[in-house]
1. Measure up Lys124/Lys181; Lys124/Lys147; Lys101/Lys212; Lys101/Lys248 against 28 Å on the Cα-Cα distance and list the ones that go over.
2. In nm, what is the difference between 0.36 nm times the number of residues separating Lys171 and Asn215 and their Cα-Cα distance?
3. Whole number in Å², please: accessible area per residue of segment 141-213, 1.4 Å probe, ligands, DNA and RNA not counted.
4. Calculate the FRET efficiency for Lys196 and Thr24 from the Cβ-Cβ distance with a Förster distance of 41 Å, rounded to the nearest 0.05.
5. Using a 1.4 Å probe over the heavy atoms of the protein chains, calculate the carbon and sulfur portion of the accessible area of segment 121-190 as a whole percent.
6. Over segment 95-138, with the other protein chains present, what is the accessible area per residue in square angstrom, probe 1.4 angstrom?
7. Could you give the length gained by full extension between Asn106 and Ser128, i.e. 0.36 nm per residue of separation minus their alpha carbon distance, to one decimal place?
8. Which sequence of Ile189, Ile276 reflects their accessible areas, 1.4 Å probe, from the largest down?
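The values are calculated or read from the model by the stated rules, or taken from the named source; none is laboratory data. Keep in mind that this is a model prediction, so the values were computed, not measured. All Cβ positions, glycine included, derive from the backbone under ideal geometry; neighbour counts span all protein chains shown. Ligands, DNA and RNA are excluded from the accessible area calculation, which covers all protein heavy atoms including side chains. Shrake-Rupley method; radii C 1.70, N 1.55, O 1.52, S 1.80 Å.
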Amino acid sequence: MEPLFGVVLGLILAVASPANDSCTCATNKWAVCAQDGPGNCTCSLAGSDHPIDCSTLTSKCFLMKAEMMPLKEKRLWRPPHGVSDSDGIYNPDCEDSGAFKAKQCNQSSTCWCVNTAGVRRTEKGGRSLSCSELVRTRWIYIELTHKRRPNAFRVADVTRALTQLFESRYKLHPKYIAAVKYDPPLIQIRLHQNEKPRWDVDIADAAYYFEKDVNNDSVFHSNSKLTVSVNGDALAIEKLWIYYVDEKAPEFCMRQLAAGISAVVTVVLLTAGIGIAALLILRWLRTRTYKKFECKEMREIKATSLEVP
């Protein structure tokens, strides 16, 4: 009887084990998943109760919040008056939908307004700062360079490979890929999305996943390294830049711009002044040398005329 019981128990464990292993979120390695019924796996964001849909990308706001969780656990306690002036990763405030709240603040009383990509679009201010709306990021420009190679790729092949990458890996509809330009080794990708239907992936989320992939910090559960193939040849990405363009111009204070302009003007004036002073000194030295030479000649002429009988 005991051997039979052992066989049955082994079969149960064998069946249950794959089910537990399959209860993961393919599109978010930071998700916490649990099997709450036969064939039913639910996942939520690490550190919160927000459920996430693992059939598509997780919003950038939720991802940034999840990224901050391990940092909080590993670091020492930070006093509430400590100020962080970083425009990179921060612990954002998110709506239940996953969208960024228009107004973001750090641990102190410093706040700023962001766009739908979570990028700061105003000067930093106090808690009284007003952010009336979440301005949409309509355009995203991605620039990257690949390792130099003897023969450049064909433009059509690069466009096809990157379009397929964004469509298959990041679930982004090709209609949002406005253009792909290739001038070896520079590749430019332009994403355009006026409005985001509920069922479509946001271009900001796709760009963030792509950025994490390029930096070898993939968000996908497999954590596999990004490989891009162009007609069977590997596209080895070296550098990446991402630029965000909102439907409304950013509201940065002109004082910063004025300070930059005045600094440039000061440098130009100093350079010009030094150049003019150098020219005057050279001219003075040349004139002085010429006068000395002229006086010497006159003395020699006078001496010669006195020696003539």
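1. Working: Lys124/Lys181 35 Å; Lys124/Lys147 38 Å; Lys101/Lys212 22 Å; Lys101/Lys248 17 Å.
Cα-Cα > 28 Å for Lys124/Lys181; Lys124/Lys147; rest within.
2. Values: separation 44, 0.36 × 44 = 15.84 nm, distance 1.96 nm.
My answer for the length gained is 13.9 nm.
3. Working: 3750 Å² over 73 residues.
Accessible surface, normalised per residue, equals 51 Å².
4. On the way: r = 27 Å, r/R0 = 0.65.
The formula returns an efficiency of 0.95 here.
5. On the way: 1780 of 3820 Å².
Result for segment 121-190: 47 percent of the exposed heavy-atom area is carbon or sulfur.
6. Values: 1930 Å² over 44 residues.
I get 44 Å² per residue for this part.
7. On the way: separation 22, 0.36 × 22 = 7.92 nm, distance 1.37 nm.
Value of the extension gain: 6.6 nm.
8. Numbers: Ile189 5, Ile276 100 Å².
So the residues, ranked largest to smallest area, are Ile276, Ile189.
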